[in-house]
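Enquirer: For reference, the structure I am asking about is given below.
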Amino acid sequence: MANQKGNQYPNWLITNAFQVFAYDSQSKSHQMSKEGFALDIGISEDGTVWVLSTEPDPDGGGSKIYWSNGDNSWNEITTSNEGGYAIAGGTGSTCYYLDADNAIYQLDTNGTATKIYDSSYVVKMDYGGGYIWAILIDANGMPGLYYSKSGSSLSFSKFAGDYNPTDISVDYAGNCTGVDDLDPITFSKDGSSVSSPGTGANGKTIRISSKNWTYLVSSDLESGEYDNAILVWKDESGGEFVSTNMAGIQVAATYYS
């Protein structure tokens, strides 16, 4: 992926004050929104940045959706679709979001939304490498981990085993990293293996984000009483999560290379 738009930064985050920042390769922060702006964030393959705002959508349910070319200028989606409850970057410049009826839509920057799934209750979802992974509630009311190739309609397959991560993210190759018992765990897209991506998380992982690199939000304090530390995976000693000296309620890895 070219380092364009939001992909020119290795990661973006949302602070305690619901403010968006991007961090460059030298760990320098770049303010990208005012305080009180964003609840959720995702980065598309081409670097388009998507957020769910703190503003309720006037068309019903959920939050207003905004997109950006990777600067501090935000474009509101003003079409008549209902607002979003969760958002993830998608193919090209598109995103995927959940609406008030718990359906998954693919949305482009022109505001055209296409429903691609509405068969089961979706707890979490993310996209990467041509795959969408989700935590779905099955017919027996039990949560499970599922994956599907992306497209105009999704057909999910259950990942073998009894896994119910509390958060998930999908990397550039289509594999999923989740949070299981407050530790990161990686699930292969072909359903063949489960592995630990490295040490250092110490049973304190709250959120995870994986694209070209993997970041996590830890419950460890970083810079203030209510701030959560952001850690990044480093390919050292078999893989290790180390501090970035950043903090926030949510982090979004990009396709930066």
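Any read-out appearing in this document is the output of simple, stated calculations on the displayed coordinates, not a laboratory observation. The shown structure was predicted, so the numbers you read here are calculated from the model rather than taken from an experiment. Ideal geometry is used to build each Cβ from the backbone, glycine not excepted, and the neighbour counts take in all protein chains shown.
Enquirer: Calculate, in nm to one decimal, what S196 and H30 gain on full extension: separation in residues at 0.36 nm each, minus their alpha carbon distance.
Expert: This chain segment gains 56.6 nm when fully extended.
Enquirer: What is the sum of charges around T114, taking Lys and Arg as +1, Asp and Glu as -1, for the other residues whose C-beta is under 13 Å from the C-beta of T114?
Expert: For residues surrounding T114, the net value is -2.
Enquirer: Which order do the peptides 198-206, 15-23 come out in when sorted by mean C-beta neighbours inside 10 angstrom, highest first?
Expert: Order by mean packing, descending: 15-23, 198-206.
Enquirer: Using only C-alpha atoms and all pairs of different ones, pull out the Kirkwood radius for the chain in Å with one decimal.
Expert: Computed over Cα pairs of the chain, the Kirkwood hydrodynamic radius comes out at 18.0 Å.
Enquirer: Using only Cα atoms, locate the centre of the stretch 47-107 and the centre of the stretch 172-220, then give the distance between them in Å, rounded to an integer.
Expert: Centre-to-centre (Cα) distance: 25 Å.
Enquirer: Quick one: dipole size for the chain, taken about the Cα centre, charges +1 on Lys/Arg Cβ and -1 on Asp/Glu Cβ, in debye to the nearest 20.
Expert: Dipole magnitude for the chain comes out near 400 debye.
Enquirer: Given Cα pairs under 8 Å that are at least 6 residues apart, what percent is the relative contact order of the chain?
Expert: 15
Enquirer: Count of lysine pairs in the stretch 5-253 with Cα atoms under 23 Å apart, counting only pairs 8 or more residues apart in sequence or on different chains?
Expert: Total qualifying Lys-Lys pairs in the stretch 5-253 comes to 26.
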